[in-house]
Structures are given as structure tokens and as C-alpha cells.
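Undergrad: The following block contains the structure, expressed as C-alpha cells.
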Amino acid sequence: MIAILDYDAGNLKSVEKALTHLGEESIITRDRREVERADKLILPGVGSFGAAMEQLRKYEIHKLLEEAKEEGKPILGICLGLQLLFDGSEECSGIEGLHLLKGSILRIPDAGGLKVPHVGWNSLQLKGDGRLFEGFGEEPYVYFVHSYYLKAEDEAIVKACTQYGVEIHASVEQGNLFACQFHPEKSSAAGLAMLRNFARI
């Protein structure tokens, strides 16, 4: 079973619907016992970095994520969920992230007439042997909605990039931690294939 972590963020139902479409059992929860019983965790999210961290701490979900990392349980961060796994964000100076991965969350620069937030479809340049992208033979198109982006400290964890005025580290993997800045649950067949790959890890 996959636990979709509920900290009052948006987009939970979309993730649940995508997993149901794939035939995967999932539950939206913040109950410790249900999270502990789950085989995998998904941390979705849209909204503000600071408000999200406040909610994660309010419900003590940060502790569940830290414990899951230590246990080796697969965790997938989506969009804001990716950003929260890192150290902090320019969006909310002084508010610490989860520190599960190392890197900076930076604002997309206003340059070249590009609109911020970045909303729409972009192709990914795959790097290395990302397990989310197993079986992909070409650059997939995926759906983004964000104003901030990841610059990972260690580029070896980066499994996909895209360009939007700057190089964006769009997907990372390290051990049992997986994350993507885009929304696989809204990225048609390619996104469903990524979620299927995660469910099979």
C-alpha cells in the first residue's frame, strides 16, 4: 500500500486517482499507524514552502518521513514535496526544510520574456539510470506548475533536467528517496509510467 501524506496540501486526490487508475492500493492519511503499515510514501503538494513546513511539523509528518528514510522505505516527493525534502527555499528565508537531501530551492529568474510561475509542458533530458524512468526510450513531456526550482548540491543524484530560462533539476533519486518538480499525476501516459515504476520499487 502507498500512503499519500496528508498535511492539508492540495493535489492529494489527483495522486490518489492516478494510483487507482494503475490498480495500486493507496490511502490519504497522516495517521502514524497507517503510515507505518504502508510500503511506500508519497509527499505531494502545491502552495507555499513556509506554510507547508509548518503543517508538516504540526502533524509531525516530518518525523514519519525521517523514520521512513532510515528504514529504507521508498519516498516520492512531488512538486512542493520535492522542495520540502531539501534544506530551505528562497521563497521563505530562514525556514528550514526537511534536510533529507542537499540542495537549494531558488526562484526562477525573470528573463527572456518567460512567465513565472512556469506553467505548462516541458521535455525532460534524462540523465543516468533513474529508476522512475526505467523503460523510457526518449525525452518525455511532463507538466510543471512552479515558481521555484531545485539546484541539487550533488549532481550525481539528478536523473532528469529541463530548461526554463535556467537549468532545472527536475527529478532526483538518492537511495530510497525520489522526487520530481513536475506533476507525474498530471503528465498523461509518461507520468503514469513513472508512478508505476515507483510502485514497483
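The values are calculated or read from the model by the stated rules, or taken from the named source; none is laboratory data. Worth saying up front: this structure is predicted, and the values here are computed from it rather than measured. Neighbour counts run over all protein chains shown; Cβ positions are idealised from the backbone, glycine included. Just the protein is used for accessible areas: all its heavy atoms, side chains included, with ligands, DNA and RNA removed. Shrake-Rupley method; radii C 1.70, N 1.55, O 1.52, S 1.80 Å.
Undergrad: Only residues that are more than 16 Å from Gly103 (Cβ to Cβ), open to solvent by 60 Å² or more (accessible area, probe 1.4 Å) and not in a strand (DSSP E or B): list them for the range 139-161, please.
TA: Glu139
Undergrad: Here are some residues: Leu82, Leu101. Which one is in contact with a Cys (Cβ under 7 Å, 6 or more places away or on another chain), under 19 Å from Asp154 (Cβ atoms) and crowded, with 22+ Cβ neighbours inside 10 Å?
TA: Going through Leu82, Leu101 in turn, just one is in contact with a Cys (Cβ under 7 Å, 6 or more places away or on another chain), under 19 Å from Asp154 (Cβ atoms) and crowded, with 22+ Cβ neighbours inside 10 Å: Leu82.
Undergrad: So, one more: Out of the residues in the range 187-201 that are part of a helix (DSSP H, G or I) and among the small types (Gly, Ala, Ser), which is least open to solvent (accessible area, probe 1.4 Å)?
TA: Filtering the range 187-201 down to residues part of a helix (DSSP H, G or I) leaves 188-199.
Adding the requirement that they be among the small types (Gly, Ala, Ser) leaves 188-191, 193, 199.
Numbers: Ser188: 80, Ala189: 72, Ala190: 23, Gly191: 0, Ala193: 26, Ala199: 16 Å².
If we take residues in the range 187-201 being part of a helix (DSSP H, G or I) and among the small types (Gly, Ala, Ser), then Gly191 is least open to solvent (accessible area, probe 1.4 Å).
Undergrad: Please state which of the following conditions Ala18 fails to meet, knowing it meets all the rest: (1) open to solvent by less than 40 Å² (accessible area, probe 1.4 Å); (2) in contact with a strand residue (DSSP E or B) (Cβ under 8 Å, 6 or more places away or on another chain); (3) at pLDDT 95 or above; (4) not polar (S, T, N, Q).
TA: Only one criterion is unmet by Ala18, namely (2).
Undergrad: What number of residues within the range 163-186 are surrounded by fewer than 23 Cβ atoms within 10 Å (Cβ to Cβ), closer than 12 Å to Leu124 by Cα and among the polar types (S, T, N, Q)?
TA: Number of matching residues: 1.
Undergrad: Another question, if that's okay. I need the full set of residues from the range 85-98 which are in contact with a His (Cβ under 8 Å, 6 or more places away or on another chain) and open to solvent by less than 20 Å² (accessible area, probe 1.4 Å), in order please. Step through it out loud before you land on a result.
TA: If we filter the range 85-98 for residues that are in contact with a His (Cβ under 8 Å, 6 or more places away or on another chain), which is where we start, we get 86-87, 98.
Correct list: Phe86, Leu98.
Undergrad: Suppose the filter is in contact (Cβ under 8 Å) with a residue 12 or more places away in the chain and in contact with a Lys or Arg (Cβ under 8 Å, 6 or more places away or on another chain); does Ile108 pass it? Working first, answer last.
TA: Values: in contact (Cβ under 8 Å) with a residue 12 or more places away in the chain: yes; in contact with a Lys or Arg (Cβ under 8 Å, 6 or more places away or on another chain): no.
The answer is no for Ile108.
Undergrad: A further question follows. Out of the residues in the range 114-138 meeting the condition of being in a loop (DSSP other than H, G, I, E, B) and free of Cβ contacts under 8 Å to residues at least 40 places away in the same chain, tell me which one is nearest to Ala51 (Cα to Cα). Spell out how you get there, then give the answer.
TA: Of all residues in the range 114-138, those in a loop (DSSP other than H, G, I, E, B) come to 114-117, 124, 127-130, 134-138.
Among the residues that remain, those that are also free of Cβ contacts under 8 Å to residues at least 40 places away in the same chain are: 115-117, 127-129, 137-138.
Values: Lys115: 24, Val116: 20, Pro117: 18, Lys127: 32, Gly128: 34, Asp129: 34, Gly137: 38, Glu138: 37 Å.
The extreme case among them is Pro117.
Residue-wise test of (1) on the phi > 0 side of the Ramachandran plot; (2) open to solvent by 60 Å² or more (accessible area, probe 1.4 Å).
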{"site": "Ile2", "(1), (2)": "no, no"}
{"site": "Glu24", "(1), (2)": "no, no"}
{"site": "Gly45", "(1), (2)": "yes, no"}
{"site": "Phe49", "(1), (2)": "no, no"}
{"site": "Gln55", "(1), (2)": "no, no"}
{"site": "Glu60", "(1), (2)": "yes, yes"}
{"site": "Leu65", "(1), (2)": "no, no"}
{"site": "Glu70", "(1), (2)": "no, yes"}
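Undergrad: Okay, next question. With a cut-off of at least 2 residues that are of a type in the set (Gly, Ala, Ser), name the helices (runs of 4 or more DSSP H) lying wholly within the range 1-113. Please lay out each step first, then the result.
TA: Working: elements: 12-21, 32-37, 49-58, 61-71, 80-84.
Where helices (runs of 4 or more DSSP H) fall fully within the range 1-113 and carry at least 2 residues being of a type in the set (Gly, Ala, Ser), they are 12-21, 49-58.
Undergrad: With the structure loaded, tell me whether Ser93 is out of contact with any strand residue (DSSP E or B) (no Cβ under 8 Å at 6 or more places or on another chain), of a type outside the set (Val, Ile, Thr) and modelled with pLDDT under 95 or whether it fails that test. Reasoning before the result, please.
TA: Working: out of contact with any strand residue (DSSP E or B) (no Cβ under 8 Å at 6 or more places or on another chain): yes; of a type outside the set (Val, Ile, Thr): yes; modelled with pLDDT under 95: yes.
Criteria met by Ser93.
Undergrad: Every residue in the range 162-183 that is of a type outside the set (Val, Ile, Thr), outside any strand (DSSP E or B) and more than 9 Å from the chain's Cα centre (by Cα), please. Even if it seems obvious, please write down each step before you answer.
TA: Start the filter on the range 162-183 by keeping residues that are of a type outside the set (Val, Ile, Thr), which leaves 163-165, 167, 169-171, 173-183.
From what is left, the residues that are outside any strand (DSSP E or B) are 164-165, 175-176, 181-183.
Selection gives Tyr164, Gly165, Gly175, Asn176.
Undergrad: What's the number of the condition Glu71 fails, among (1) farther than 27 Å from Ala189 by Cβ; (2) at pLDDT below 95; (3) among the acidic types (Asp, Glu)?
TA: It fails just one condition, (2).
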